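What follows is one structure encoded as structure tokens, with my remarks underneath.
The values are calculated or read from the model by the stated rules, or taken from the named source; none is laboratory data. It should be emphasised that the depicted structure is a prediction, and the values quoted were computed from it without experimental measurement. No Cβ is skipped: glycine too gets one built from the backbone with ideal geometry, and neighbour counts run over all protein chains shown. The protein model used for the area step is the full one, side chains on, heavy atoms only, and it has no ligands, DNA or RNA in it. Shrake-Rupley method; radii C 1.70, N 1.55, O 1.52, S 1.80 Å.
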Amino acid sequence: MDALDGWWDDYFWGSVVVAEVFVVALILTILFGLIGAAAKLSGNRAAKAIASGYTVVFRGTPEILVLLLIYFGSAITLTAIAQIFDPEIKFVDLPPFWAGSFAIALIVGSYATETFRGAFLGVAPGQVEAARALGLSKLQTFVHVRIPAMWRLALPPFGNHMLSLIKDTALIAIIGLEETLFVAAQAIGTTNKPFTMYIVVGAIYLGFSTIITLAVMALEKYANRHLEIAR
Amino acid sequence: MDSSNPVDIIHLENVNKFFGTFQALKNINLTVRKGERVVVCGPSGSCKSTLIRCINRLEEHNSGTITVNGHELTDDVKNIDAVRREVGMVFQDFNLFPHMTVVKNLMLAPKLVRKASRSEAYETAMRYLERVKIPEQADKYPSQLSGGQQQRVAIARALCMNPMVMLFDEPTSALDPEMIAEVLDVMTDLAREGMTMICVTHEMGFARSVADNVVFMDEGEIVEMNPPREFFDNPKSERTRLFLSQVLSY
Amino acid sequence: MSFDMALILDSIPKMLMGIGLTLQLLFLSAALGLALAIILLLMRISGRWYLAAPTMAYIYIFRGTPILVQIFIIYYGLPQLEFVRDSIFWPILREPFGCAILALTLNTAAYVSEILRGGVLGVDRGLKEAGAALGLRAPHRFIYITTPIAIRLALPAYSNDVISLMKSTALASTITLLDMTGIARTIVAETYAPYEIFISLMAIYLILTWMIQRSFGWVEKRMSRHVREEV
Ligand SMILES: Nc1ncnc2c1ncn2[C@@H]1O[C@H](COP(=O)(O)OP(=O)(O)O)[C@@H](O)[C@H]1O
Ligand SMILES: [Mg+2]
């Protein structure tokens, strides 16, 4: 354990990076998921086809490939553009933080697309009809009936998506994001204690997963509070 | 008072049953003789199912004694096995094994429990399928049959074990009206042949024509037990009268 | 920016040289993982706390941490421990292939055992009672009623997990293995053509995903003859 002396603050800042990536990627995931679901549910053929292509590709290929493609792809594109202005420039990349957040959000967003789509379709038509019959406008029905029913349905699978997101942040170390796995690699360089250093990373991620799981459980309890009396 | 008698097949004495703190069965006493047909009725939630499920130990009673054909039901697995071999049960929602064809549903228990050979089990199965008048459905899967046909298969499946007693738990409640008769016909035939039966049902016509005794349960108690004539024409208790007025006014 | 077709045509055969390794990783860890998952499941539902509790801890840890971290702990971390170096497993654990198989197996087993448990819990209580009423003892009920129905219930989720596992095999490239992804990364390092290489490799993985889905679809169809309507 002495080996860890002097590394705790690095792990702490690495964890902060994990949390930051998570928050950014979570917002993007919800965005991609909602756009994807809207496209799939729309009557527009082209939108449907693009959304289907999106979910097929990003759910069917390794996460690491998507990450490498986005990071190195954006880097050569940016470098090419930069060289138009200044031929001296050798290399421009998107910071790993942004490339990585974007990549994992694209991946998890493809799963979220299906979740949101399913939740939208899962709302009992009778509820919507009842609201319309009571004289609520389309928008009122959407806000007061559809959305509350939807997020109740989407929450359990979306909780799993959040766990995927937090775990996928570890991949971003591969392109040089200075998160906990990266910290461990540095620490191993000087202490030569790989087991200790990586176990700490595992423990940190387990902590994050636990927090997310508990938060989702609390949210689910809140979302389903109307069912409690019936028990 | 000597309570057991050689012709008694089922004997319940001071049976109590709790679900947590909720007392489901309250001091139940019931005797069923060989060949006797008992119909149990009562409002929903009156613990009719719980009562008959205690008889083949799908539920455990907490106190009192339950004896089936001389075997007292305790934690002893041997006794439970012995009882279950002699008691057949038909459920409200059929509970046919969905992944097996009809004939496989019928052959499973004879092969595993009675150690019957494949051909014996098959012959028995086909014989009972004929008795419930659907031998032609033998190779179909349950989901391909109508509700009435499925329930007849379930009855045949129980009969394949050659039970001494049959328990029915609202066998027609999940059926569309036009299919109720075909199931009641099979049950009536069975009763005519002398099968000992305990049948939870709200089919009062069936009770009137088939039952030797009708039991009325309410809130976990046996309120009244009488032959059908007496039961229907001259109910003793106010609760029975109220229940009958509700059921018969349909 | 142009797509270098010649490079793609040149690289695909090279990457396909790694497909054998990718498939070995997939099939070996899928088979071992399934076996371990069944053991975990039986321990979990044994009703004995001293079997169930360690299983729950195992599942919690392996599902709560990134697979990449698990791979690093096993490949880089374990050699730090003397008893590992002295054990009879050392010949396996010193090789990246053995480490990759071990990590993938341990990881997938945690997920699969939960999937199987979902299947077992999904079996209608009434069916088990019907078995009991017919006089079948618990082991017979488990073998002839619970298991076949649970398998059918678990199959769709299981097929998704096999696809996840296939995607995770790409992480073997992070511990020096030259599976398809490993080869692709070396080609990109030489040619600096991430779009051409990574996109064509994604297409290859998509075909694998499609084949896995088709195979499971076929098995599911065969197994669900009983729910098909009148022929
Ligand atoms: N396994 C159980 N756990 C707790 N309560 C139960 C259980 N089974 C039945 N009950 C309760 O026992 C009462 C009687 O149920 P049941 O025997 O099914 O009634 P009936 O068949 O007359 O409608 C109900 O209030 C029911 O909620
Ligand atoms: Mg009932």
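Mind grabbing the interface size between C and B? I mean buried accessible area, both sides, 1.4 Å probe, in Å² to the nearest hundred.
Chain pair C/B: roughly 2300 Å² of buried accessible area.
Just the accessible area for residue A:7, please: 1.4 Å probe, Å², rounded to the nearest 10?
40 Å²
Order the following by accessible area, largest value first: C:14, B:140, C:167. Probe radius 1.4 Å; ligands, DNA and RNA are ignored.
I get C:14, B:140, C:167, largest accessible area first.
Mind jotting down a quarter of the surface of the convex hull over the alpha carbons of the stretch C:21-177, in square nanometres, one decimal?
10.3 nm²
Once you keep just the Cα pairs under 8 angstrom separated by 6 or more residues, what percentage relative contact order results for the stretch C:21-177?
Result for the stretch C:21-177 is 33 percent.
For the protein assembly as shown, which whole percent of the accessible surface, found with a 1.4 angstrom probe, sits on carbon and sulfur atoms?
Whole-percent figure for carbon plus sulfur exposure: 61.
Can you pull the accessible area of residue C:46 for me, 1.4 Å probe, Å² to the nearest 10?
40 Å²
If each of residue A:90 and residue C:60 carries a label point 7 Å out from its Cα toward its Cβ, how far apart are those two points in nm?
Output for this residue pair reads 5.0 nm.
Rounded, prolate or oblate, given the Cα gyration tensor of the stretch A:16-179, with a/c below 1.5 counting as rounded?
prolate
With +1 assigned to the C-beta of every Lys and Arg and -1 to the C-beta of every Asp and Glu, and no other charges, what is the dipole magnitude of the protein assembly as shown about the Cα centre in debye, to the nearest 20?
The dipole magnitude comes to about 1200 debye.
For the protein assembly as shown, taking Cα atoms only, what is the radius of gyration to one decimal and the Dmax to the nearest whole Å?
In Å, with Rg to one decimal and Dmax whole: 32.5, 111.
How well do other chains shield peptide C:200-213, expressed as the mean number of their Cβ atoms within 10 Å of each residue Cβ?
3
Expressed as a whole number of Å, what is the distance separating the alpha-carbon centroids of the stretch A:31-99 and the stretch C:43-85?
Cα centroid of the stretch C:43-85 versus Cα centroid of the stretch A:31-99: 35 Å apart.
Give me the one-decimal nm value for the distance between modelled label points at residue B:115 and residue A:151, 7 Å along each residue's Cα-to-Cβ direction.
So the two model labels end up 6.4 nm from each other.
Connecting C-alpha atoms closer than 10 Å in a GNM of chain C, tell me which of C:189, C:157, C:31 has the biggest fluctuation.
C:189
Mind telling me which of A:97, A:195, A:72 comes out most flexible in a GNM of chain A, alpha-carbon contacts under 10 Å?
For chain A, modelled as a Gaussian network with Cα springs under 10 Å, the answer is A:195.
Roughly what angle does helix A:45-60 make with the longest principal axis of chain A, taking Cα atoms, 0 to 90 degrees, to the nearest 10?
Tilt of helix A:45-60: around 50 degrees.
Please report the net charge: other residues with Cβ closer than 11 Å to the Cβ of residue A:66, K and R +1, D and E -1.
0
Taking all protein chains together and a probe of 1.4 Å, list B:18, C:83, B:94, A:120 from the most accessible to the least accessible.
Heavy-atom accessible area, descending, gives C:83, B:18, A:120, B:94.
Between beta-carbons, use under 14 Å as the cut-off and find the net charge around residue A:191, counting Lys and Arg +1, Asp and Glu -1.
-2
Take the residue pairs B:104/C:221; B:26/B:78; B:17/B:236; A:48/C:221; A:48/A:138; A:221/C:221 and return only those whose Cα atoms are more than 31 Å apart.
Pairs exceeding the cut-off: A:221/C:221.
Just want the answer: with Cβ charges of +1 for Lys and Arg and -1 for Asp and Glu, which residue in A:170, A:120, A:37 is farthest toward the dipole's positive end in the stretch A:16-179?
A:120
Which value, in square angstrom to the nearest 100, describes the accessible area buried between chains A and C on both sides, using a 1.4 angstrom probe?
Between A and C, the summed buried area is about 3200 Å².
Could you work out the percent of alpha carbon pairs in the stretch B:134-184 separated by over 15 Å, rounded to a whole number?
Distances greater than 15 Å cover 47 percent of the Cα pairs.
Using a Gaussian network model of chain C with C-alpha springs under 10 Å, which one of C:220, C:114, C:190 is most mobile by mean-square fluctuation?
Ranking C:220, C:114, C:190 by mean-square fluctuation puts C:190 first.
Pairing the Cα long axis of helix A:96-122 with the longest principal axis of chain A, what angle in degrees results, from 0 to 90 and rounded to the nearest 10?
Taking the Cα atoms of chain A, the angle to A:96-122 is about 20 degrees.
Based on Cβ point charges of +1 for Lys and Arg and -1 for Asp and Glu, what charge dipole magnitude is obtained for the stretch A:16-179 about its Cα centre, in debye rounded to the nearest 20?
1020 debye
Just to be sure I understand: of the beta bridges DSSP finds with both ends in the protein assembly as shown, what percent are antiparallel, rounded to 5?
55 percent
Over the Cα atoms of the stretch B:80-144, each weighted equally, I'd like the Debye log10 I(q)/I(0) at q = 0.30 Å⁻¹, rounded to two decimals.
-1.35
Peptide C:116-128: average number of partner chain Cβ atoms within 10 Å per residue?
Whole-number average of other-chain Cβ neighbours for C:116-128 is 2.
Give me the residues in the stretch B:96-143 whose solvent-accessible area, probe 1.4 Å, is reduced by at least 20 Å² once all protein chains are included instead of the chain isolated.
Correct list: B:97, B:98, B:99, B:108, B:109, B:112, B:113, B:140, B:141, B:143.
Apply 1/(1 + (r/R0)^6) to the Cβ-Cβ distance of residue B:130 and residue C:42, taking R0 = 56 Å, and write down the FRET efficiency to the nearest 0.05.
It comes to 0.85.
Rank these residues by their accessible area, most exposed first, probe 1.4 Å: B:128, C:75.
C:75, B:128
Across peptide B:84-93, what mean number of C-beta atoms from other chains lies inside 10 Å of a residue's C-beta?
The shielding value for this peptide is 3.
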